[in-house]
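Below is one structure, written out as structure tokens, with a few remarks after it.
Laboratory data are not the source of any read-out in this text; all were calculated from the coordinates shown. In this text, all values refer to a predicted model and were calculated from it rather than measured experimentally. Here the Cβ is made from the backbone with ideal geometry for all residues, glycine too, and neighbour counts use every protein chain on show.
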């Protein structure tokens, strides 16, 4: 259960939501994506109340511990192509722009040479990179990733970090749920630490050892990194995270 959340994510920020298991960080991300209904409070996406928001192609979501195979035989390229569905009319053939977006997404995650391979033959870490590529193929403006490095070996953690570093260089806004950061730590602009469904820290990036430090205590005090207007609702506000830059496609 989320309680008293007052949070805004700004254009171009790389924000880590951190905390122990059960602290509410994954629930918060699922509330942002509409997977968890709101019982009270207000959520806005790109300046639009969530209840009226319909342009989900602007949001890319990589869920927690989801395999890329889904039991259906598919190639890496086919899985990533599914990320273009929000940008295409149903049953329309792939356009040149669709193919370019898929190829670019695979290049960003370092799997361009595996496009025709069955996704089931990849390691867990490589499959996680495929899922990130699938989200990236839709060319969203906001990326939400729920513990993408969980259960992923060290080489693939570094590959994930390189992919997210490239997204950051392009100006993407990224909200990352993490229990531990590892190689992702240098990419952060801001840390948000949760405990018992509340935000107990919101400020400069923290290391893995600091997230569980005693000084965070049980006090529900926000250490704001920006001088944002205070609100009293129970789910986050999201300011428009990224302007167009001329890259969005129009179905």
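Side notes on the structure shown:
- Rounded, prolate or oblate (a/c below 1.5 giving rounded, otherwise prolate when a/b exceeds b/c) for region 7-68 by Cα gyration tensor: rounded
- Under the Debye formula (equal points on every Cα, no solvent term), log10 I(q)/I(0) of region 1-141 at q = 0.12 Å⁻¹: -0.58
- Beta bridges by DSSP in region 23-179, antiparallel share as percent, to the nearest 5: 25
- Shape category assigned to region 93-158 from the gyration tensor of Cα positions, a/c cut at 1.5: oblate
- Each peptide in 128-135, 147-154, 79-86 gets a packing score, the mean of other Cβ atoms within 10 Å over its residues, and the list from highest to lowest is 128-135, 79-86, 147-154.
- Paramagnetic reach from residue 210 in region 5-47 [backbone N under 17 Å; point 7 Å along Cα→Cβ]: 14-20
- Computed label-point distance, nm, for sites residue 104 and residue 189 using a 7 Å Cα→Cβ extension: 2.0
- Anisotropy class of region 137-196 from Cα gyration tensor, a/c 1.5 cut: oblate
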